[in-house]
Amino acid sequence: MIIRSVVARSTRRALSRRSFQTARRLLSAEVDSIDASADNSLRNVQSIESQINANTDQHVPSVDPETHATSPAAQATDLVAEHYRQFKQQQQRTGHLGSEISPHYQPHTLLNNPPSPADVTLELLLASEAHQGHATSLWNPANARYIHGIRQGIHIISLEVTAAHLRRAAKVVQEVSRRGGLILFAGTRDGQDTAVVRAAQLAKGYHLFERWIPGSITNGQQILGKCKLKVVNEKDETVPGFEEQLFERPVLRPDLVVCVNPLENYVLLHECALNNIPTIGVIDTNVNPTWVTYPIPANDDSLRCIQVIAGVLGRAGEAGQKQRFEAASNGQITYRPADDLTLPEEPEADKSAAPTKPQASKPVALGGESIENADEVEAKMDDAADQDGRKLGHRIKMSS
């Protein structure tokens, strides 16, 4: 009995030890096969990576043999790509929410491409803050017909009245420009120079963005007497030969003055009134509208409002200039030419080069009269030539 029990115990231990060794050998074999397959896969990946890098310019991130992961730069790229994918998904879910803000205000558009008189709308004037006036304590009672109401102690200008007066002023500028008149755009506040210069360029007029010199109109001969004058034809082409006739002529005066800040240029408007020169002005609620001939009730403190008004008037002047040039191409003159201008005489060299014919002894008939004296005949011919020159000179205007 004792021998059988010992054999049985020893036999169980031997069997268990053999089975454990067999299982360990099987596990080690499987691990070795897995490692071998992983090494083969890694080598395949590295070979594919080298082939792709050799054929393309974009570098493929290499795989770490130990961790089997990509480089930190590739991980950062993957993170950015994931964030971008999440952003596109969020944008797709919430993109239809909210309101659109385009087209929005761009300050340079009013200078590069100002609106025409036909493009003036209440929305445009409202966006340019043309309706905002001054405090009720600063108002001028003469502006009562231009005021729409009061809000928080501020007068509100009626935009319908502003649009109507702006279109009327645009028609005046267009007609003056069509007739070849001189238009002066004046704006002396900070920031108004660009709008004034642009309007003058469109209307082919003149601009003033510095202080007005008092007496430039009433005493213009003393202040502007040394300014150079020139004679141009109906196509604004300079006509030479009239320099001697322009020495003692009076200085030129504008035919229309556009002032965007009348409060600081009262002297200019007063001189225009003394010389019967029509004026156009931007009238705020604190300005007297009787200072100008054609008032435009609007906010003179807003640069955007000034740009809109100056741009509209400049476009109107441009349209008038276009009409004048079209009429000139058809042989029509739309303005009153300058008086007391005669065509320049021919040079003496041309006269001496022309062949001379002997005077006939018989009487010469001129204008139904018989004249014996050759000097009288020459005087009559000179008078006729002067009359023809005056007729041609009526097609010439003057500009500074």
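Mind listing whichever residues of the range 296-321 are under 14 Å from residue 187 (Cβ atoms), among the acidic types (Asp, Glu) and either under 13 Å from the mean Cα position of the chain (by Cα) or open to solvent by 10 Å² or more (accessible area, probe 1.4 Å) (or both)?
Residue satisfying the conditions is 301 alone.
Mind checking which residues of the range 130-183 are under 32 Å from the mean Cα position of the chain (by Cα) and basic (Lys, Arg)?
Once the filter is applied, which keeps residues that are under 32 Å from the mean Cα position of the chain (by Cα) and basic (Lys, Arg), the range 130-183 yields 167, 168, 171, 178, 179.
Hey, can you tell me all the residues within the range 205-222 that are part of a loop (DSSP other than H, G, I, E, B), out of contact with any strand residue (DSSP E or B) (no Cβ under 9 Å at 6 or more places or on another chain) and open to solvent by 30 Å² or more (accessible area, probe 1.4 Å)?
Matches in the range 205-222: 210, 211, 213, 214, 218, 219.
Residue 202: on the phi < 0 side of the Ramachandran plot, part of a helix (DSSP H, G or I) and of a type outside the set (Gly, Ala, Ser), yes or no?
yes
May I ask you to verify whether residue 124 is touching a Gly at 6+ places or on another chain (Cβ under 7 Å), part of a helix (DSSP H, G or I) and either free of Cβ contacts under 8 Å to residues at least 12 places away in the same chain or surrounded by 13 or more Cβ atoms within 10 Å (Cβ to Cβ) (or both)?
So residue 124 fails the test.
State all residues of the range 245-262 that are open to solvent by 50 Å² or more (accessible area, probe 1.4 Å) and not in a loop (DSSP other than H, G, I, E, B); if no residue qualifies, say none.
245
Scanning the range 155-176 for residues that are of a type in the set (S, T, N, Q) and under 20 Å from residue 129 (Cα atoms), which turns out least open to solvent (accessible area, probe 1.4 Å)?
162
Quick check, is residue 188 closer than 21 Å to residue 305 by Cα and assigned to a loop (DSSP other than H, G, I, E, B)?
Answer is yes for this residue.
Give the residues of the range 177-193 that are buried (at least 18 other Cβ atoms within 10 Å of the Cβ) and more than 16 Å from residue 265 (Cβ to Cβ), sorted by residue number.
Of everything in the range 177-193, those that are buried (at least 18 other Cβ atoms within 10 Å of the Cβ) and more than 16 Å from residue 265 (Cβ to Cβ) turn out to be 177, 178, 180, 181, 182.
Evaluate the following for residue 234: is it in contact with a Phe, Trp or Tyr (Cβ under 9 Å, 6 or more places away or on another chain), open to solvent by 10 Å² or more (accessible area, probe 1.4 Å), at pLDDT below 95 and of a type outside the set (A, V, I, L, M, F, W, C)?
For residue 234, the condition - in contact with a Phe, Trp or Tyr (Cβ under 9 Å, 6 or more places away or on another chain), open to solvent by 10 Å² or more (accessible area, probe 1.4 Å), at pLDDT below 95 and of a type outside the set (A, V, I, L, M, F, W, C) - is met.
For residue 242, only one of the following conditions fails: (1) open to solvent by 40 Å² or more (accessible area, probe 1.4 Å); (2) more than 33 Å from the chain's Cα centre (by Cα). What is its number?
Among (1) open to solvent by 40 Å² or more (accessible area, probe 1.4 Å); (2) more than 33 Å from the chain's Cα centre (by Cα), the lone unmet condition for residue 242 is (1).
Could you please tell me which pairs satisfy a Cβ distance under 9 Å, a separation of 6+ or placement on different chains, a first residue in the range 138-161 that is free of Cβ contacts under 8 Å to residues at least 60 places away in the same chain and in a helix (DSSP H, G or I), and a second residue that is of a type outside the set (A, V, I, L, M, F, W, C) and open to solvent by 30 Å² or more (accessible area, probe 1.4 Å)?
Note: pairs meeting the criteria are 159/131; 159/148; 160/148.
So, in the range 266-281, how many residues would count as being open to solvent by 10 Å² or more (accessible area, probe 1.4 Å) and closer than 19 Å to residue 192 by Cβ?
2
The values are calculated or read from the model by the stated rules, or taken from the named source; none is laboratory data. The structure presented is a predicted model; accordingly, all values stated were derived computationally and were not measured. All Cβ positions, even for glycine, are placed from backbone atoms using ideal geometry, and neighbour counts span all protein chains on display. Ligands, DNA and RNA are excluded from the accessible area calculation, which covers all protein heavy atoms including side chains. Shrake-Rupley method; radii C 1.70, N 1.55, O 1.52, S 1.80 Å.
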